[in-house]
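The values are calculated or read from the model by the stated rules, or taken from the named source; none is laboratory data. Computed from a predicted structure; not experimentally measured. Here the Cβ positions follow ideal geometry from the backbone for every residue, glycine too, while neighbour counts run over all protein chains shown. We work out accessible area using only protein heavy atoms, side chains counted, and drop any ligands, DNA or RNA first. Shrake-Rupley method; radii C 1.70, N 1.55, O 1.52, S 1.80 Å.
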Amino acid sequence: MSIQKLFNFISNTNNLTISIYKKIFLLFCISISLSAASNIEVSPYTSKNANFIYNLLFCDNLNLFKPKHDKDLAYWEKAFFIQPNADEIKSIAINPSTENRVRALAYNWLRDSGQPSTDDILLGVIIEVPLRLGLDTLASYGDGSIRYINQSEKIVFIEQSGNVEIEKLEKELVNLSAKYLKNNNIKIVKRSAIPQRGEIRITFLTSQGLRIIEGSMSSLQAQSDTNQIIGKAIEILTVIVAMAKEEKK
């Protein structure tokens, strides 16, 4: 199945929900507030919720993660927002057991504070494909976390699912992407408007910032290394569809 056909299939699946994870993530489970939506610069969806989740994927705006209240904060929320401390934030960044999105925030904080790290680690891969009804976005972080927003603005959260197959595919996607970055000099860039219809964008979330490649679907699929990355993303989406079908039974 082509990636376009797969995305279209998911968009036409009614009530796409998955709730069979060890952790069921709701839109506000990390104590974030939609009041932060005023910081959003890219809004590819009609839904404010979808745009908010979309912008969280890239971990390039710490303000979006700012908690609404000062009570019951996670350790990393305290480190960033209560009493920021460079040593503590550095320990978060270099700790491989820390969630990769939080590590990305920590590396960004250190860099913005004039204390950049020499580490160059891949922490996630975000793939965007504009389709007839809108933008399909798949984000995989290599630590059991997957986010998917399809063109009809249905949102899937996967967090420590315990699904051996999907966790294996996610690690393979990250490994393929790390290999690609090692063999190609992809510059650090700022995020921009979404790609045009007929194109695909792959954003590599690294400890040094965002590295982005973009082109027509056919051109990227014609290259062996990027075609493998796209192929692995298709495999992940196939499993997501199967999980959704199973959940509906």
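What the table shows:
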item	result
Flag for Ile213 being touching a helix residue (DSSP H, G or I) at 6+ places or on another chain (Cβ under 8 Å) and assigned to a strand (DSSP E or B)	yes
Residues of the stretch 114-156 satisfying the condition of being out of contact with any Pro (no Cβ under 8 Å at 6 or more places or on another chain) and of a type in the set (Gly, Ala, Ser)	Gly114, Ser117, Gly124, Ala139, Ser140, Gly142, Gly144, Ser145, Ser152
Pair list, Cβ under 7 Å, 6 or more apart: the stretch 192-209 residue under 22 Å from Ala106 (Cα atoms), other residue hydrophobic (A, V, I, L, M, F, W, C) and open to solvent by 60 Å² or more (accessible area, probe 1.4 Å)	Gln208/Ile188; Gly209/Ile188
Test: residue in the stretch 168-181 that is assigned to a strand (DSSP E or B), of a type outside the set (Val, Ile, Thr) and open to solvent by less than 60 Å² (accessible area, probe 1.4 Å)	no
The stretch 212-229 residues that are touching a residue at least 60 places away in the same chain (Cβ under 8 Å), paired with ones that are surrounded by 13 or more Cβ atoms within 10 Å (Cβ to Cβ) and outside any helix (DSSP H, G or I) (beta carbon under 6 Å, 6 or more apart)	Met217/Ile200
Residue within the stretch 67-84 that is open to solvent by less than 10 Å² (accessible area, probe 1.4 Å) and closer than 20 Å to Ile212 by Cα present	no
Leu131 vs. criteria open to solvent by less than 50 Å² (accessible area, probe 1.4 Å) and either in contact with a strand residue (DSSP E or B) (Cβ under 9 Å, 6 or more places away or on another chain) or modelled with pLDDT of 95 or more (or both)	no
Unique match (being modelled with pLDDT under 55, among the charged types (D, E, K, R) and out of contact with any strand residue (DSSP E or B) (no Cβ under 6 Å at 6 or more places or on another chain)) among Lys5, Lys90, Lys48, Lys78	Lys5
Total residues in the stretch 90-120, condition β-branched (Val, Ile, Thr) and touching a Leu at 6+ places or on another chain (Cβ under 6 Å)	0
Any hit, the stretch 229-243, residues being open to solvent by 10 Å² or more (accessible area, probe 1.4 Å), out of contact with any Lys or Arg (no Cβ under 9 Å at 6 or more places or on another chain) and at positive phi	no
Qualifying residue in the stretch 11-27 (condition: modelled with pLDDT under 95 and assigned to a helix (DSSP H, G or I))	yes
